[in-house]
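This report concerns only the one structure given below.
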Amino acid sequence: MSEPKRLYQEIGFLLQERVAKGEFKVGDRLPPERDIAEKMDVSRSVVREAIIMLELKGLVEVRKGSGVYVINQPSEENPLTHSSASGTSSDIGPFELLQARQLIESEIASFAARYITKSDIQRLREALNTEKRNLEAGCDDYDSDELFHLTIAAASQNSILADVVNDLWLRRHESSMWRQLHSHIVNHDYRKAWLLDHEQILIALQKRDPEGARKAMWEHLENVKQVLFALSDVDDPKFDGYLFP
């Protein structure tokens, strides 16, 4: 039996094991996320990632304004193993990914502020303008968002750092868990605030202010984490949408 590679997988396996032992039967509602987090001594974001994993495995269902319910027992199709039949065995948790990006990209932004060129600034302005136009047109893709972050990494003039950021975005593109987190969040007004964050990052880079660029990038990715966490909180009475199909 393979060992879980990530903390959310370990928590997901423990919850799955409790379902298999009959502690939670089909039709039962799982305890509130906060209670699970306290009992298992992990953060709520880890528990939420574990729930996403179980949803992908077809064992639980998130119900609008109600909670997370057991809908299947582990079976041959959904075996009681640490690895996931749905492909999450090597998937990265969305909040884990955002935390990594926050730590790495804030330092890269600081470094880029020392070496950024006029042509880099122009490319960032173009990416920002494209992002504005897309939001005004109601487009829900993140291409210009990605371009903005990749351009900052390239402005560091360090190809290894640029590759690291590119790899983080590739992991996001390939993550079934990330897609599930986003696919049923229909209100994209929060992206307007993220656009303002990008403008603050650009201002710091234009000033060649390393500390300002670090702070602006850190705060931006913190805002992303907090917004996505709030929007995906099924225990919140204001929760208003299925996160998963």
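Annotations
- Helix content alone sets the calculated 222 nm mean residue ellipticity of the chain: runs of n ≥ 4 DSSP H residues at -39500 (n - 2.57) each, divided across all residues, give -20500 deg cm²/dmol.
- Each of the peptides 209-216, 117-124, 52-59, 150-157 was scored by the mean count of other Cβ atoms within 10 Å over its residues; in descending order, highest first, they stand as 52-59, 150-157, 209-216, 117-124.
- The dipole here belongs to the chain: it is taken about the Cα centre, uses +1 on the Cβ of Lys and Arg and -1 on the Cβ of Asp and Glu, and is about 340 debye.
- Electrostatic dipole magnitude of the range 94-231 [Cβ: Lys, Arg +1; Asp, Glu -1; Cα centre; debye, to 20]: 300 debye
- Peptides 199-208, 163-172 ordered by packing proxy, namely the average of other Cβ atoms within 10 Å per residue, highest first: 199-208, 163-172.
- Descending by average beta-carbon neighbour count within 10 Å, the peptides 217-224, 228-235 line up as 217-224, 228-235, the highest first.
- Of all lysines in the structure, the ones whose alpha carbon falls short of 25 Å from that of Lys215, not counting any fewer than 8 places away in one chain, are Lys118, Lys132, Lys192, Lys207, Lys225.
Quick note: the coordinates plus some simple rules give every number you see, no bench work behind them. A quick note: this is a predicted structure, and the numbers were derived from the prediction, not measured. With ideal geometry, Cβ positions are generated from the backbone for all residues, glycine too; neighbour counts draw on all protein chains shown.
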